[in-house]
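The values are calculated or read from the model by the stated rules, or taken from the named source; none is laboratory data. All values reported here derive from a predicted model rather than from experimental measurement. Here the Cβ is made from the backbone with ideal geometry for all residues, glycine too, and neighbour counts use every protein chain on show. With ligands, DNA and RNA removed, areas are computed over all heavy atoms of the protein, side chains included. Shrake-Rupley method; radii C 1.70, N 1.55, O 1.52, S 1.80 Å.
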Amino acid sequence: MSPQLSRRTHRRLVRLLAEARRRSPGGTVVIGHHNSNTVLPLGQPLAFLLGAGSGRALAKFRTPMETIEVVPRIWRRESQVLDAVRIRLGADTPRCLVDHDNWSLHTHVPGRVLSDVAAEGTVGADRLAALAEFFAALAEVPLDGLSPPPADWPEHGDSQGFLAWQARFTGEHVHRANQGRFGELFEAVGIPEDAMERFLDSARPLTSRPFVLLHTDVHRANIVLSPGPGGERPVVIDWELAMIGDPLHDLATHLVRMNYGRTEHEQMVQLWADAMLRAGHAELTTGMRHDLPVYLALEYAQSVFADVMRAAAGLPERPTDLHFAVAARQVCRAVRRAWAALCLVDEPPDERTAEEALRRWYASDGRVSMGRHRNRNAGQNDLKGKNLRGSHPGNGAVAERLERHGC
């Protein structure tokens, strides 16, 4: 802060200059499921006021997007999470420079995004080991710097209650909350109204483990391979979905969203456990071989709703046969992965059934707004191969992977 300016004046000036910079043309725009991110040089005098030195220093302007709620968000301000995480992870975490109610400004992490380097397939032993160390370090983040979770949040260490909270959230705020628009589509592709109740009724009881801070969204697009003196290091970004809970939940969401092959899946599980033991967190690995399949099943069960809705809502205004075929492939993949987790009988729908269901949904949807215009390119991007991965070897038979979590 400039010594000539009071703290209040400095803060107001920074916000005014940041707002003006955010609205300036140019920059690189990256659209995610939850935010629109624009990377721009800070420019002067904003860089000086923020202590960034050169006006050429890059920063990321993050603007939340209106979207269907598919995952819980227990803290509305990502900046609070970043402040807590930096205590333990330090420079490997982005810093929030400005935090408005409807947008924020973050430091830019240099490097290549893992999804650009390895969109699918093998990640590599060194990267796996570094990610395992990240989870071990995350377990040491102090929780007292964070505001309390919601009043109905399970008690510290109540892993069974945590699992039930997650399942109930999905059933109430994702599945039933979207029945009006997507209910017939869910039913047509085999997802029953009591899907999450089925999951909870069949899930095996969990071992209690201490709660820690969870990222909950460590996937290839949220990992930046940042260059350093000793070579690249993975830096995890986008902390808006962080929460407090059972660390096995974080591992499970990571395994599923990374779409590892069978070998790297198993390697990551072992590396995670080894990293936790080295860090002195043996209690976090208690019962993991028994309980990890349950959390994997939860992730498959939760993600089916988001994947089906995104496939449908991502169709452009005038979809071609190819658009419908691509969306049907996405739906079938999601439903296949969730089939064993939801303890469903018979067989998952084939692509023809899913495509017919999508066409009926499209015809009756009335082009209602869920970001139809904002997501107009989503289907086109998918046609280029983004987010189109078939069942990889690591999925094998889902029932085998889940070790029949209780069905």
*How many residues are of a type outside the set (Asp, Glu) and surrounded by fewer than 18 Cβ atoms within 10 Å (Cβ to Cβ) when one looks only at segment 128-148?*
7
*In the list LEU277, LEU296, which residue meets the criterion of being open to solvent by less than 20 Å² (accessible area, probe 1.4 Å) and out of contact with any Cys (no Cβ under 6 Å at 6 or more places or on another chain)?*
LEU296
_Boolean, PHE182 is more than 21 Å from the chain's Cα centre (by Cα) and open to solvent by less than 20 Å² (accessible area, probe 1.4 Å)_ = yes
*Which residue, of ARG86, ARG15, ARG7, ARG23, is within 30 Å of VAL212 (Cα to Cα) and open to solvent by 60 Å² or more (accessible area, probe 1.4 Å)?*
ARG86
*Filter segment 282-301 for residues that are in contact with an Asp or Glu (Cβ under 8 Å, 6 or more places away or on another chain) and without any contact (Cβ under 8 Å) to a residue 12 or more places away in the chain and give the result.*
none
_For segment 89-126, which positions are open to solvent by 60 Å² or more (accessible area, probe 1.4 Å), within 21 Å of ALA47 (Cα to Cα) and aliphatic (A, V, I, L, M)?_
ALA91
*Search segment 231-274 for residues being closer than 23 Å to GLN80 by Cα, of a type in the set (Val, Ile, Thr) and open to solvent by 10 Å² or more (accessible area, probe 1.4 Å), and hand back the single one that is nearest to the chain's Cα centre (by Cα).*
ILE237
*Name every residue in segment 217-230 that is open to solvent by 10 Å² or more (accessible area, probe 1.4 Å) and in a loop (DSSP other than H, G, I, E, B), in order of residue number.*
ASP217, HIS219, PRO227, GLY228, PRO229, GLY230
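Just the residues that are closer than 13 Å to GLU133 by Cα and open to solvent by 50 Å² or more (accessible area, probe 1.4 Å), please, taken from segment 280-293. Reasoning before the result, please.
Applying the first criterion (closer than 13 Å to GLU133 by Cα) to segment 280-293 yields 280-281.
Hit for segment 280-293 is GLY280, nothing else.
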_Matching residues in segment 81-103 - criterion: being in contact (Cβ under 8 Å) with a residue 40 or more places away in the chain and more than 19 Å from PHE134 (Cα to Cα)_ = LEU97, VAL98, HIS100, TRP103
*Considering each residue of segment 134-145, count those that are more than 18 Å from the chain's Cα centre (by Cα) and either more than 27 Å from MET268 (Cβ to Cβ) or aromatic (Phe, Trp, Tyr) (or both), and give that number.*
2
